[in-house]
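Throughout, read-outs are computed from the coordinates displayed, never taken from laboratory work. Fair warning: this is a prediction, and the values are worked out from it, not measured in the lab. Counting neighbours? That spans all protein chains shown, and the Cβs are built from the backbone with ideal geometry, glycine included.
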Amino acid sequence: MREVRVRAPAKINLWLSAGPPGSDGFHPLATVFQAVSLYDDVTVRPRDDGEFTVSVVGPFASEVPADSRNLAVRAAELLAMRSGVSLGADLVIRKEIPVAGGLAGGSTDAAAALVGCARAWGVQADLFALAAELGSDVPFCLLGHTALGHGRGDQLTEVMSRGPFHWVFAASSEGLSTPAVYAELDALRERRRILARPPAVPDSLFSALVAGDPAALGVALGNDLQEAALSLRPSLADTLRFGLENGALAGLVSGSGPTCFFLAPEAAAAADLATALDTSGLCDSVHLAEGPVPGPRPLD
Ligand code: C5P
């Protein structure tokens, strides 16, 4: 048994449409995910006594639970239980992905813990089945690249995407709760008596991805959760407007927010926008990334 380090990418939703909640409380989705080059690092140090610990380091460390509430620990424990090993692990997470930001930081750490523990313990398991039990975004985080998600976002089909696309992220130090944003979406629809249409993705999004055409992709992006996130955090509208005024082709709230992401026409424009956002006072941290990138891979 040896230490394994895994690089875990953040995700964005290029498209997210949500139907009315089902009897399980979850909203049926049609969503297109893309993994981007903004990474946490998860190091797995195997233990032979069956115990699990986690420590978190990096800029967002203080915002993450460093105990068994951590989704990466729950992932490691679930894999040990289902594969019948009596081994444990010390997990060290270097957190670079903003927390509770709509970028699936916790989910990607969990996916990386599954990959890292399976490698460190030398076990074979259906990691996708375990991922779906841990959270709606964990299966995509395991897959990486670009994919269409149905159901809770866990029924995945790979999507062809040329790249790289150049993304800029404006993150907030105060997260938004995913259940609260979905509840706000329902409340807004109820108030306006809007019937949610069956979730679907426009063809123009897929053709923009295949063509690797940022201008066409900018027009095709969309997120049903954006209005709900803006309703809970109205200042995000200023951030989105600022991005559009400073060279972005498009800007969108990421997943349930509050991170906003912007599509730039090329790398230099992305860097210029990042610099402008950095001094705007509209957000707490700014990040640059490219997509698509592969899912979590052990670094040898
Ligand atoms: O699966 P996950 O733990 O990420 O979901 C967190 C919460 O987000 C759920 O308990 C639910 O309130 C909401 N959710 C939803 N519909 C989805 C995904 C999440 O309502 N498709």
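Computed from Cα atoms alone, the Kirkwood hydrodynamic radius reported for region 1-151 is 15.5 Å. On the principal axes of its alpha-carbon atoms, the chain has extents of 55, 45, 36 Å, going from largest to smallest.
Legend: calculated FRET efficiency, A129 to D272, from the Cβ-Cβ distance at R0 = 41 Å, rounded to 0.05, equals 0.40. Full extension of the chain between E158 and S23 yields a length gain of 45.8 nm, computed as 0.36 nm times the residue separation minus the alpha carbon distance. Expressed per residue, the C-alpha convex hull volume of region 81-154 stands at 105 Å³. About its Cα centre, region 1-88 has a charge dipole of approximately 240 debye under the convention of +1 per Lys or Arg Cβ and -1 per Asp or Glu Cβ, with nothing else charged. Here each label is just a point 7 Å from Cα along the line to Cβ, and for E3 and I194 those points are 5.0 nm apart.
Within a 10 angstrom radius of the beta carbon, how do S285, S161 rank from fewest other beta carbons to most?
Values: S285 17, S161 22.
Ranked by crowding around the Cβ, least crowded first: S285, S161.
In region 62-212, the C-alpha radius of gyration followed by the widest Cα-Cα span (Dmax) gives 17.8, 54 angstrom.
Relative contact order, whole percent, for region 221-300 stands at 24, derived from Cα pairs under 8 Å and 6 or more residues apart.
For region 180-209, the set of trypsin sites (Lys or Arg not before Pro) satisfying both a DSSP loop assignment and a count of at most 15 other C-beta atoms within 10 Å is given as R193. Take the Cβ atoms of E245 and A211, set R0 to 25 Å, and the FRET efficiency comes out at 0.40. Using equal-weight Cα scatterers in the Debye expression, the normalised intensity of region 215-300 in log10 at q = 0.18 Å⁻¹ is -0.80.
I'd like the trypsin sites (Lys or Arg not before Pro) in region 1-69 restricted to DSSP loop residues with at most 11 other Cβ atoms within 10 Å, sorted by number.
R2, R69
Ranking L142, G84, N70 by Cα position along the charge dipole of region 1-142, where only Lys, Arg, Asp and Glu carry charges on their C-beta atoms, puts L142 farthest toward the positive end. Helical runs assigned H by DSSP (4 residues or longer) give the chain a calculated mean residue ellipticity at 222 nm of -10500 deg cm²/dmol, each run adding -39500 (n - 2.57) before division by the residue total.
Prolate is the label for region 1-68. Its Cα gyration tensor axes, ordered a ≥ b ≥ c, give a/c of at least 1.5 and a/b above b/c.
Counting other Cβ atoms within 10 Å, which GluC sites (Glu not before Pro) in region 147-221 have at most 12 and lie in a DSSP loop?
Here the GluC sites (Glu not before Pro) that fit, given the DSSP loop and packing criteria, are E174.
If you plug the beta carbon distance of A187 and E63 into 1/(1 + (r/R0)^6) with R0 = 22 Å, you get a FRET efficiency near 0.25. Take the alpha carbon gyration tensor of region 154-300, find the square roots of its eigenvalues, order them as a ≥ b ≥ c, and report rounded if a/c is under 1.5; if not, report prolate when a/b exceeds b/c, else oblate. It comes out oblate by the Cα gyration axes.
Suppose a student asked you for the relative contact order of region 28-147, using Cα pairs under 8 Å spaced at least 6 residues apart; what percent would you report?
Computed value for region 28-147: 34 percent relative contact order.
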